[in-house]
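Just so it is clear, none of the values below were taken in a lab; they were calculated from the coordinates. Note that the structure is predicted; figures quoted are calculated from it, not measured. A quick note on method: Cβ atoms are made from the backbone with ideal geometry, for glycine too, and the neighbour counts reach across all protein chains shown.
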Amino acid sequence: MIFRRRSTLTFTVLMMTLISMLLSSCSGQGSKLNASGKTFEVSPGFREFYQTLGGSEVMGPAISENFAFESLQCQYTVNALMCMNPSSSDASRFSLYPLGIPMNIREDPAVNPAQGNERIINGYGIYDEFLPLYDKLSGGLYAGNPLTQVQLNYAQQRIEQYFENVGFYRKFSDPPGQVHLLAYGSFSCAANCNYSPSVDALIINSTRKVEDQPFLSGLGRISATTIFGSPLTQPYIAADGNEEQVYENAVLYAPPGNLVDIKLRALPLLLNERRTDPGPKVYGSQNGVVFYPTSGEMGYHVPMDFDRFISSHGGMEISGKPIAEVYEVSTGVYRQCFENYCLDYTPAAAEESKVTLASLGKAYLDQLQSQSSSQELFTFSPDTVTLQVDEQYEQLSPDTEQKIEILVLRNSDGQPLSNLEADLDLTLPDDSHYTATFLPTQSDGKSSVTVPPARGYLNGSILVYKVCLKAATTTPVCASGSYILWQAP
């Protein structure tokens, strides 16, 4: 195998014996609901507590009458089971019953939970869009502890996370921050309440397998979690030492101990998708395009539909810069590729499906697997790899951009090596540094970066640079060069 599989996370078969016991006292004639979904008045003893939690808007209407369970008085709402201990007068008097526990919806906590601003509870990161409602429910006091990490439920088109007492979700089609509770109460009371909740909030199959998706909580800030498609692999450690996961439309990676520092692999470049040189601006908004400059005044024309999609899904931080103009990839489908993903436009599709990410994840996975044997045997070092560097100008004026190119060759046979990234460190005359990262080398082993003009330095200043490959190796593979700032008198 080319990747390290995490421990499989599965849901056990639903055991609802406890719920049946709870419901035994509310199964009388008065608690039966007709097909129209008749509801009940909230019991007077629960009314203040119910309103504190958000009332019907958050908890849903009551779907059972008040009933006794052991020493508690309880009442179902669509989304929870409210309980009261009449003998208690402190904060423990009211509670929400842990309906999530008998559902057996649980996964192991993260070994190395993400850091940063994410809130971690017992190894589970709470999805940032769910935090306001979680806090409104007094956190763990009423929501309970998390049972899972955040998940993408493609069958029901929602982002969801299960807690002991309630579950949170947002539909893919909802605007960011529009969060609701899953229908815990209706699911648990199904045999006796006969209430049909919103399809959006249904818990259809609690025995489904949960995919391990540790990157999702770190992606909440970019509102782009749903565009990557379903995961094709469990997370694994890639050749460069990063933790990586392949999705249908993208490949996410991050340092193993810092899963909030998430980046996208440059799939269009790694898979040799169409790439063209940037050109001058010819068209504008009156032509339905936005010009993206990528090198000085040179760049690419991006259709407004693509521009809106990029802006609403994390911006160029996620997409990267365009690498080609639009072209027809198949009959009736138009594609434009950026550094990290390609966008397809299908005029004949439904409005919400006209712009989609191209499904490049499977091709990347196939390439990765086909190369795995040779990659496992090959070690990057100065003995096995040659890194050549070259600058476009040996001397240039302070107002001129410099282009630095690299070529990576395998020493054993002189063949170019593709899909390798490198870092540039340029020392300026005042001992400050300019740094940049080369895009992955192409099939010819080459890549380049453009260095902006070095204005304000003395004529005759020497700029020294160093380039090192970003390959997993104990001995860095580096090369150096220099050039002169020279303005003819």
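Observations
- The range 274-336: chymotrypsin sites (Phe, Trp or Tyr not before Pro) falling in loop per DSSP and having at most 15 other Cβ within 10 Å: TYR283
- Long-range Cα-Cα pairs in the range 385-485 (distance over 23 Å), rounded percent: 26 percent
- At an R0 of 22 angstrom, the distance between the Cβ atoms of VAL199 and ALA349 translates into a FRET efficiency of 0.40.
- Nearby aspartates and glutamates by direct alpha-carbon distance to LYS321 (threshold 12 angstrom, same-chain neighbours under 8 apart not counted): ASP307, GLU339
- ALA358 long-range amide H proximity, modeled H, under 5 Å: CYS342, LEU343, ASP344
- Legend: distances between Cα atoms for LYS136/LYS362; LYS281/LYS354; LYS362/LYS466; LYS171/LYS263; pairs beyond 32 Å are LYS136/LYS362; LYS362/LYS466.
- A simple count of charges around GLY299, restricted to other residues whose Cβ falls under 11 Å of its Cβ and scoring Lys, Arg +1 and Asp, Glu -1, yields -1.
- Multiplying the residue separation of ARG455 and MET304 by 0.36 nm and removing their Cα-Cα distance gives an extension gain of 50.9 nm.
- Measuring nothing but how far apart in sequence close Cα pairs (under 8 Å, 6+ apart) lie, relative to its length, the range 385-485 scores a relative contact order of 33 percent.
- Label-point separation in nm, ALA488 to GLN73, each point 7 Å along Cα→Cβ: 9.6 nm
- Take the Cα of ASN85, step 7 Å toward its Cβ, do the same at SER381, and the gap between the two points is 6.5 nm.
- Kirkwood Rh and Cα Rg combined as Rg/Rh, the range 295-342: 0.97
- Estimated FRET transfer efficiency when R0 is 25 angstrom, pair THR435-GLU317 (beta carbons, to 0.05): 0.90
- Peptide ranges 381-391, 428-438 listed from the most packed, as the mean C-beta count within 10 angstrom indicates: 381-391, 428-438
- Binned Cα-Cα distances of the range 228-377, short to long, each 10 Å bin given as a whole percent: 11, 38, 33, 16, 3, 0
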